[in-house]
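Structure first, then comments.
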Amino acid sequence: MGSIVLFGPPGAGKGTQAQRIMEHSGLPQVSTGDMLRAAVKAGSKVGVEAKRYMDEGALVPDSVILALIKERMLEPDASGGVMFDGFPRTIPQAESLSELAEISHVLAIDVPDERIVERICGRVACGNCGAVYHDSFNPVPSSGCTCGKYDEKRRADDNETTVRKRLEAYHQQTAPLAAWYTARGLFHSVDGDRDIPAITADLLALLE
Ligand code: ADP
Ligand code: ADP
């Protein structure tokens, strides 16, 4: 198997499913969103440039994203393939990716827009281990996060105004990738408007 792309709108459940699939496939998760947030936190040049786009709910320029990905793909754990989460998001990103990695599957998680806002606005994560939860749909266990050190984090861009802009960017700039990958015989989609384990089962079946 080569690398996998998890595809879908913001809040579709890409990160949630990546963590679950990782337990089976062993492929490391490569999330450009997580890499950008780490750069913002570190106050690096990339972080300073990216932040204004992220706060606006707009896509960060392709050149910035591709520089991050090229560096990431040089790390030893990427040599056996990775699971991309939130990348590629534009056709130029996909074109560059095809020169950097062999993609075996693009797995799309299909979720209608009206579900996205409620998913994003209830999202919480553990700052200690990165586990993703939801206030109502996937609450933190009453005994706390499985890592034992729950540190609740909410993203500044997870608010209704920014989500609507992120959805618009998705429809205009990212959704055309579905046809692009379909033309290359790599695109598969699953109904993401179901519970988390049912979606994982379908994704794993597609990878068999
Ligand atoms: P979500 O999980 O809601 O889809 P991400 O964590 O993937 O959000 O991304 C957060 C923000 O980081 C995006 O709104 C965008 O500004 C930026 N970003 C992340 N990945 C990319 C990418 N591949 N191309 C351009 N911008 C990106
Ligand atoms: P993405 O990485 O695509 O932005 P996340 O995995 O962070 O999406 O999920 C967004 C929010 O929706 C999180 O709060 C998560 O717990 C919740 N969620 C994920 N999958 C489902 C699902 N199938 N049903 C309900 N809520 C979900």
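Filtered by the rule that a residue be assigned to a loop (DSSP other than H, G, I, E, B) and either within 27 Å of Phe137 (Cβ to Cβ) or in contact with a strand residue (DSSP E or B) (Cβ under 7 Å, 6 or more places away or on another chain) (or both), region 169-193 gives Ala175, Leu186, Gly192, Asp193. For Arg155, the requirement of being among the basic types (Lys, Arg) and part of a helix (DSSP H, G or I) is not met.
Go through region 19-35 and give me each residue that's under 19 Å from Leu97 (Cα atoms) and within 13 Å of ligand 1 (Cβ to nearest atom). If the condition is that a residue be under 19 Å from Leu97 (Cα atoms) and within 13 Å of ligand 1 (Cβ to nearest atom), then Gln29, Val30, Ser31, Thr32, Gly33, Asp34, Met35 are the ones that fit. Taking the numbered list (1) out of contact with any Cys (no Cβ under 9 Å at 6 or more places or on another chain); (2) within 14 Å of ligand 2 (Cβ to nearest atom); (3) touching a residue at least 40 places away in the same chain (Cβ under 8 Å) in turn, Ile103 passes all entries but (2). Applying a threshold of 7 Å to beta carbon distances and a minimum spacing of six or more residues, or different chains, the list of pairs starting in region 3-20 at a residue that is closer than 15 Å to Tyr181 by Cβ and ending at one that is more than 9 Å from ligand 2 (Cβ to nearest atom) and among the β-branched types (Val, Ile, Thr) reads Ser3/Val82; Ser3/Ile103; Val5/Ile103; Val5/Val106; Phe7/Val106. For Arg166, the conditions (1) in contact with an Asp or Glu (Cβ under 9 Å, 6 or more places away or on another chain); (2) surrounded by 17 or more Cβ atoms within 10 Å (Cβ to Cβ); (3) of a type outside the set (Val, Ile, Thr); (4) in a strand (DSSP E or B) are fulfilled apart from (4). Taken as a whole, region 152-169 holds no residue that is closer than 20 Å to Ala18 by Cβ and hydroxyl-bearing (Ser, Thr, Tyr). Scanning region 66-103 for residues that are surrounded by fewer than 12 Cβ atoms within 10 Å (Cβ to Cβ) and touching a strand residue (DSSP E or B) at 6+ places or on another chain (Cβ under 9 Å) returns a single hit, Glu102.
Cβ separations smaller than 7 Å between residues 6+ apart or across chains give the following pairs from region 80-99 residues that are among the polar types (S, T, N, Q) to residues that are surrounded by 17 or more Cβ atoms within 10 Å (Cβ to Cβ) and assigned to a loop (DSSP other than H, G, I, E, B): Thr90/Leu59; Gln93/Phe87.
Any idea how many residues of region 89-120 are in a helix (DSSP H, G or I) and away from ligand 1 (no atom under 14 Å from the Cβ)?
3
The single condition from (1) touching a residue at least 60 places away in the same chain (Cβ under 8 Å); (2) over 19 Å from Arg154 (Cα atoms); (3) of a type in the set (A, V, I, L, M) that Ile69 fails is (1). Please find, within region 42-63, the residue that is nearest to Arg89 (Cα to Cα) out of those that are near ligand 1 (Cβ under 8 Å from one of its atoms) and surrounded by fewer than 18 Cβ atoms within 10 Å (Cβ to Cβ). Taking the candidates together, the pick is Asp62.
Any read-out appearing in this document is the output of simple, stated calculations on the displayed coordinates, not a laboratory observation. Owing to the predicted nature of the structure, the values given are computational and were not obtained by experimental measurement. Using ideal geometry, Cβ is built from the backbone for each residue, glycine included, and neighbour counts are taken over all protein chains shown.
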